[in-house]
Amino acid sequence: MVFTGSRLQLDVVALGDESFMFDWENNPENWAVSEGEGPYTLSEIRQFITTCDDLIEHHQIRFVVRQIQNQIPIGAFDFFNFDAKSNKVGLGILIADKSDRKKGYASECLTEHLPQMMQYFNLSEVYALVFKDNIASIRLFEKCGFTVQRTTIYKNKSTLVYTFKR
């Protein structure tokens, strides 16, 4: 399953992707803004890959964000905590290398790919948890049409819950 936009494609993570995923998942800077708290072994990364490839069966799915031009992986796009009863799902997005940030890649994922994916998976609502001090993510989600639903505490930090509805 592949979702294609103007510059990026999102394809389901697969065995063979573990080397760059290992690097991304073991970067402590990423732990600060995600649910993950490594370090992770290569075996754990492989196990994760085999359990995050089907939204219905595993309640989560991870896509690798690749540049169409050269097929280089630059990040990840995750749906997690899928609730089949309400058709709601959590969303995580990572542009892994700092040199690839602020180039509009995350915005493209949310404006071009997310609507396609919501239709494909018949999702009614997507939510994202954003720490109040993560100004870049706040700007991203607000620019891309997400709205703040409430404030909560997550990982002992004040966190905004953003939603996007179809």
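The values are calculated or read from the model by the stated rules, or taken from the named source; none is laboratory data. Just so we're clear, the structure is a prediction, and the values are computed from it rather than from any experiment. Here the Cβ positions follow ideal geometry from the backbone for every residue, glycine too, while neighbour counts run over all protein chains shown. Note: accessible area is taken over every heavy atom of the protein model, side chains too, but ligands, DNA and RNA are not part of it. Shrake-Rupley method; radii C 1.70, N 1.55, O 1.52, S 1.80 Å.
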Handout entry: 27 Å Cα cut-off, lysine pairs counted over the chain (separation 8 or more, or different chains)
Key = 28
Fill in the blank from the handout: Computed from the beta carbon distance with a Förster radius of 22 Å, FRET efficiency for LYS85 and ASP11 to the nearest 0.05 stands at 0.20
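Please give the per residue accessible area of the chain, computed with a probe of 1.4 Å over protein heavy atoms only, in Å². Please report the intermediate quantities before stating the final value.
On the way: 8760 Å² over 166 residues.
Result: 53 Å² per residue.
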Practice task
Within 10 Å, count the other beta carbons around each residue, average over each peptide in 58-67, 147-156, and list them highest first.
Solution key: 58-67, 147-156
Fill in the blank from the handout: In terms of the charge dipole of the chain, which places +1 on Lys and Arg and -1 on Asp and Glu at the beta carbon, the residue among MET21, ILE61, ILE153 farthest towards the positive end is ILE153
Handout entry: Under DSSP loop assignment and at most 13 Cβ neighbours within 10 Å, longest GluC sites (Glu not before Pro)-free interval of the chain
Key = 38-166
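Quick one: compute the contact order of the chain, relative version, from alpha carbon pairs under 8 angstrom and 6+ residues apart, as a percent.
Values: 276 pairs, mean separation 28.2, N = 166.
Answer for the chain is 17 percent.
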Practice task
Take every DSSP beta bridge with both residues inside the chain and express the antiparallel ones as a percent of the total, to the nearest 5.
Solution key: 90
Problem - Label of the coordinate-derived value, P(r) over Cα pairs in 10 Å bins from 0, in percent, listed as (i) 10, 40, 41, 9, 0; (ii) 10, 42, 37, 10, 0; (iii) 9, 31, 32, 13, 7, 6, 3, 1, 0 - result: (i)
